[in-house]
Amino acid sequence: MLHGFLRAADGSFTTFDGPGAAYTFPASINRLGAIVGAYTDANFVAHAFLRSPDGTITTLDPPGSFDDPGGPGTAATAINGAGEITGSYEGKPDAGGSIAIHGFLRSRAGTFTKIDAVPGAPVTVPTGINAEGAVAGTYSDGQYTHGFLRARDGKLTTFDVPGPTDYPGWVGINLAGEIAASYQDAQSVSHGFLRARDGTFTTFDADTTTTPTGINSKGEITGWCENPNSIARGFVRAPDGTFTIFDPPGYTGTDPTGINSAGTIIGITSDPAGAAHGFIRIEDKN
């Protein structure tokens, strides 16, 4: 069984679970301490959840979601400071038995809006939302995965890094509207990219492979990279394009998962025996 946890600024821990959950997977926390993620119930149906700062947990299942044991179900992936939540859900089968994965945006008041990056997209997965309510993520056309941006007014923009590319996972967006993620080239090698608000791209590599996992309001990007020996290490890319590669002292196999506006990075790392641990990296201001 997996449980969620909250680590307070003073270092104290609070563990929690979704209602009747067998597994709980927190995914995002906002500046007020509200947490969103997913949990699976006793029937292995996945539901999204919101944990309020007072500890109250609310299940979030958008209208039209499908309770599919063992299926992708519903998952919340990000929450902004205004309490707006984004994520994805498995829709009910159509007349032919086909199932699509839709994105959703949930307002602070609890109203759901369905997001499909393009009409008929079989899979739309939002993974980031900024303070303006702009949502970024990926969608599939049935062959390749692409990026998308949904503006607060609902306008949808799809994008690809120039060239034959595929988007394997996380896409994040900051207050400035800058988007960071990874893409795979024709040789299936992962590279990082930054998409500016005006739509221009900057691609980058921290090492042999590069996978961004977080971008903050200053444009600092964190993630993990692999060297030629396939050892994963953490990185942070400054707005001027310079890189710092890091591992917690005495640890290897470092996978940062997020960065806040102060430059503090969190993630997972492995000890010499192969056991996984969480870490916090605090930026040195001196």
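Each value in this text was obtained by applying a stated rule to the coordinates, not by laboratory testing. Keep in mind the model is a prediction, meaning the values are calculated, not measured. So basically every Cβ, Gly included, is an ideal-geometry build from the backbone, and we count neighbours across all protein chains shown.
Determine, for E132, E220, the number of other Cβ atoms within 10 Å of each Cβ, and report the residues in order from fewest to most.
E132, E220
Using the Cβ-Cβ distance between T200 and E283 with R0 = 35 Å, the FRET efficiency computed as 1/(1 + (r/R0)^6) comes to roughly 0.80.
Considering only alpha-carbon pairs that sit under 8 angstrom and 6 or more positions apart, the relative contact order computed for the chain is 7 percent. Summarising the label geometry, the points placed 7 Å from Cα in the beta-carbon direction at Q143 and D67 lie 3.9 nm from one another.
Near G267, the amide H atoms lying under 5 Å from its own belong to T257, F279; only residues 5 or more places off or on other chains count, and H is placed 1.01 Å from N.
Just want to confirm a number: the relative contact order over the stretch 206-248, from Cα pairs under 8 angstrom separated by 6+ residues, in percent.
Relative contact order for the stretch 206-248 comes out at 31 percent.
Over the Cα atoms of the chain, each weighted equally, I'd like the Debye log10 I(q)/I(0) at q = 0.15 Å⁻¹, rounded to two decimals. With one equal scatterer per Cα and no solvent, log10 I(q)/I(0) is -1.24. Label-to-label distance for D94 and A82 is 3.2 nm, based on points extended 7 Å past Cα in the beta-carbon direction. Here's the list of aspartates and glutamates a cross-link from K92 could span, going by alpha-carbon distance under 20 Å and ignoring same-chain residues fewer than 8 apart: D41, D61, D67, D68, D116, D141. Let me have the relative contact order for the stretch 63-213, percent, based on Cα pairs under 8 Å that are six or more residues apart. It rounds to 13 percent for the stretch 63-213. Using the Stokes-Einstein relation with a Kirkwood hydrodynamic radius computed over Cα pairs, the translational diffusion coefficient of the stretch 54-105 at 37 °C and a viscosity of 0.692 mPa s comes to 270 µm²/s.
Using the Cβ-Cβ distance between A8 and S188 with R0 set to 41 Å, the FRET efficiency from 1/(1 + (r/R0)^6) comes to roughly 0.50. Shown in residue order for the stretch 78-93 are the 3J(HN,Hα) couplings computed by the Karplus curve 6.51 cos²θ - 1.76 cosθ + 1.60 at θ = phi - 60°: 7, 9, 9, x, 7, x, 7, 10, 10, x, 9, 8, 8, x, 5, x Hz (x for Gly and Pro). Springs between Cα atoms under 10 Å define the GNM used for the chain, and in it the highest mean-square fluctuation of P228, P256, P53 occurs at P228.
Can you tell me the FRET efficiency between I245 and D160 if r is taken as the Cβ-Cβ distance and R0 is 35 Å, rounded to the nearest 0.05?
Between I245 and D160 the formula returns 0.80.
Of the residues R31, R237, the one with the fewest other Cβ atoms within 10 Å heads the list, and the complete ranking is R31, R237.
Rounded to the nearest whole Hz, the Karplus-based 3J(HN,Hα) values (6.51 cos²θ - 1.76 cosθ + 1.60, θ = phi - 60°) of the stretch 154-161 follow the sequence x, 5, 10, 10, 9, 8, 9, 4, with x at glycine and proline.
3J(HN,Hα) couplings calculated from phi for the stretch 33-47 with the Karplus curve 6.51 cos²θ - 1.76 cosθ + 1.60 (θ = phi - 60°) are, in sequence order, x, 6, 10, 10, x, 9, 9, 10, 8, 5, 9, 6, 9, 8, 10 Hz; Gly and Pro show x. For the stretch 166-259, the extents of the C-alpha atoms along the principal axes are 40, 31, 21 Å, listed from largest to smallest. For the stretch 214-286, the alpha-carbon radius of gyration amounts to 1.07 times the rule-of-thumb value 2.2 N^0.38 Å expected for a compact globular protein.
Normalising by residue count, the stretch 46-147 has a Cα convex hull of 102 Å³ per residue.
Amide H contacts of A131 (H built 1.01 Å from N, in plane; Pro and chain starts excluded): L175 sit under 5 Å, all sequence-distant by 5 or more or on other chains.
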